[in-house]
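In what follows, a single structure is set out as structure tokens and then discussed.
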Amino acid sequence: MEEGARSCLLRFRHRLEQDIKPSYLMDHMISDGVMSVDEEERIRTQPTRKDQAVALLELLLRKDNRAYISFYNALVKETYDDLANLLYDDLPQISAKAHKSSSDGWTPHVQMVLSEGGVPQRPVVFVSRPELLNRVRERLYRLQKEPGWVTVFGMAGSGKSVLAAEAVRHQGIIEECFPGGVHWLSIGQLDKPDLLVKIQSLCFRLEQSLDSQSLHRPPNSLDEAKERLRFLMLRRYPRSLLILDDIWDSTVLKVFDIQCRILLTTRNRSLTDSVSGAKYEVEVASGLDENKGLEILALYTKSNPQGLPEEARSIVRECKGSPLVVSLIGALLKEKPNRWRYYLCQLQQKQFKRIRKSSSYDYDALDQAMAASIEVLPDEHQELYKDLTVLEKDIKIPAKVLSILWDLEPEEVEDILEEFVNKSLLFVDSHNKPYLYYLHDLQLDFLVEQNRTQLESLHTKVVRQYQQHYRDDPPTSGDEECLYWIRFLTYHMARANLSQELYSLMFSLDWVSIKAQIMGPAHLINDYVEYGPILDKENSEVRSQFQEFLSLNGHQLEQRPFPDVVQLALSQPPTSEVYRQALLQAQDRASKG
Ligand code: ADP
């Protein structure tokens, strides 16, 4: 079998093994004459469907081009369209055609590489910024032969992330510079435990796609994570690109200083001063030029840029060309196409007098546009949107969390979220299943500013809704929704000033066990440090007993299979609250036999 086809099978082996039903596919392959009845028999006698799939792939890899084509056809006939698409590009006879680029260098292969690497899709309404784009791509080409850094810097909301994603949506870049793939990581403002969790999941992702049986323990310190990543990038993913979106802090960058290829977006131009290697940069001007701004408005209102009313230019100017603000106004005009003058006046109002610390950027336009977009929502949806104020920056959440927070059916929640997304009030990551939703940083700033006096009650609502929903059965699985609660429940309790709730949660061995199992101990230890002052008001001794238990057993709690926490806790001093709870549980177990 030719190299391309073979490599394709190897790359998608895991996906194929997960999904295919070998018995159906083999029938087609036998009738194509690429497989013997004996071979089929040997596969059929494997105990499970998965074992059969593994054996089929194993056999296929030893066969020729014809077998690959027959397998592909069988997938199509059995309507495994997604899987067939994965193999399509490398079909031996038609690969030349398949690789022929569409006009902007965007092939199914490119699309698949980006989707696997978690690169966000284009926003619903998108305009290209060819000059900037070429500048970024030209820098990326310089990473073809050697590792290094490309920094895309500029103001918040200027379109850096969209630009970074667009830069790699290009056949030449993917095939010539980064044949090892592209991996997107949203960073934002985060502390060390969160950074560790991010790198752990990156390593997990990278290891999984190489080897479905990967049983590596997750790295349990940033140093270890750095070494693991260095190994993976150097040995297993040579010539791949890491995209680090929205970096704030050079200490974060140091963890990635491992001689690989990195594209990063940031508001701070000088971040890469502290790391080694070749460095290139591209500045993103804070605004789109006027014609691009008009193009966005034209796309939203389905008109021709030349035919826009005279207010359009003034609107773009008032928005200072910010793509985020223009998109908010565009979405409003889509629904009320005769309100050009009205929205221009709204933008010109100076209703928000906020003192912004960090920047000369004029946020007035954003605030006005946000206020206008929220105002057109039905009253009850305005209230629901306000609930998003309590989300942490750069955190993406599944609809199910909101369905608990809002106490609404998932279908209803989806409709509401779609409305927010259509108004550019919210963004969606649809690579992920389930879809994940998030706000732009600046939108969150706006909400926090606007609802400053209600923060406590908004956080309280989150906790109360959680308590009501999980009254009987706390979340324990690792799915996106449970992950959210396990990660952020303490944060909401602390912000809600619900100290009593926070104590009972964090002074409970059950909680420690669940959180350590799902998120690893680093996060948990961080909770005790961060909320230490609150916990100490209740009982500083118990707080330190829990903390001590975690620091002593941190490495054990990293192990998989996960250890028996009650057993571990029984080796604490008998005066410790941790010991007391473990003993109760042990007695309870014994009495139940
Ligand atoms: P940054 O990363 O600089 O904070 P983003 O890239 O997240 O900014 O862009 C903010 C928003 O602006 C996007 O969500 C999108 O709505 C809009 N936007 C950015 N670039 C474009 C573009 N090229 N075309 C259309 N809209 C854009």
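Worth pointing out:
- Along the axis of the charge dipole computed for the chain (Cβ charges of +1 for Lys and Arg, -1 for Asp and Glu, origin at the Cα centre), the listed residues S276, C482, W340 are led at the positive end by S276.
- Dipole check for the chain: with +1 at the C-beta of Lys and Arg, -1 at the C-beta of Asp and Glu, and the Cα centre as origin, the magnitude is about 1420 Debye.
- In terms of its Cα atoms, the range 13-61 spans 25, 19, 18 Å along the principal axes, sorted from long to short.
- Selected from L308, L288, V252, residue furthest toward positive end of dipole (the range 207-318; charges at beta carbon): V252
- Phi to ³J(HN,Hα) by Karplus 6.51 cos²θ - 1.76 cosθ + 1.60 over the range 525-538, Hz, x for Gly, Pro: 4, 4, 4, 5, 6, 5, 9, x, x, 6, 4, 4, 5, 7
- Reference-scaled alpha-carbon Rg (2.2 N^0.38 Å with N residues) for the chain: 1.07
- Distance distribution P(r), the range 234-316, all Cα-Cα pairs, bin width 10 angstrom from 0: 15, 32, 17, 20, 14, 2 percent.
- Amide hydrogen neighbours beyond the local backbone of L241, cut-off 5 Å, H modeled: G181, V182, H183
- Residues of the chain: accessible area per residue with a 1.4 Å probe, Å²: 47
- Neighbourhood charge, 12 Å Cβ-Cβ cut-off, centred on Y80 and excluding it, Lys, Arg +1 and Asp, Glu -1: -1
- Shown is the FRET efficiency for N291 and R269, computed with R0 = 41 Å from the Cβ-Cβ distance and rounded to the nearest 0.05: 0.95.
- Using the Karplus relation 6.51 cos²θ - 1.76 cosθ + 1.60 with θ = phi - 60°, the per-residue 3J(HN,Hα) values for the range 369-379 come to 5, 4, 4, 5, 5, 6, 4, 7, 6, x, 3 Hz, with x marking Gly and Pro.
- Calculated log₁₀ intensity ratio I(q)/I(0) where the Debye formula runs over C-alpha points of the range 55-207, q = 0.11, 0.16 Å⁻¹: -0.58, -1.07
- When the charge dipole of the range 496-560 is built from unit charges on Cβ atoms (+1 for Lys and Arg, -1 for Asp and Glu) and taken about the Cα centre, the candidate among Q517, F507, N553 whose Cα reaches farthest toward its positive end is Q517.
- If only the Cβ of Lys and Arg carry +1 and only the Cβ of Asp and Glu carry -1, the dipole of the range 8-158 around its Cα centre is close to 700 debye.
- Between the range 560-583 and the range 1-69, the alpha-carbon centres lie 48 Å apart.
- Portion, in percent, of the accessible area of the range 438-515 that falls on carbon or sulfur, probe 1.4 Å: 44
- Charge sum, other residues only, whose C-beta stays under 14 Å from M112's C-beta, Lys/Arg counted +1 and Asp/Glu -1: -3
- Of the accessible area of the range 1-40, computed with a 1.4 Å probe over protein heavy atoms only, carbon and sulfur atoms account for 44 percent.
- Cα→Cβ-extended label distance, 7 Å offset, between Q467 and L584, nm: 1.8
- Cα-based Rg / Dmax (Å) for the range 1-40: 11.7, 28
The values are calculated or read from the model by the stated rules, or taken from the named source; none is laboratory data. On a predicted model such as this, the values are computed, not experimentally measured, just so you know. All Cβ positions, glycine included, derive from the backbone under ideal geometry; neighbour counts span all protein chains shown. These accessible areas exclude ligands, DNA and RNA; they are computed on the full protein's heavy atoms, side chains included. Shrake-Rupley method; radii C 1.70, N 1.55, O 1.52, S 1.80 Å.
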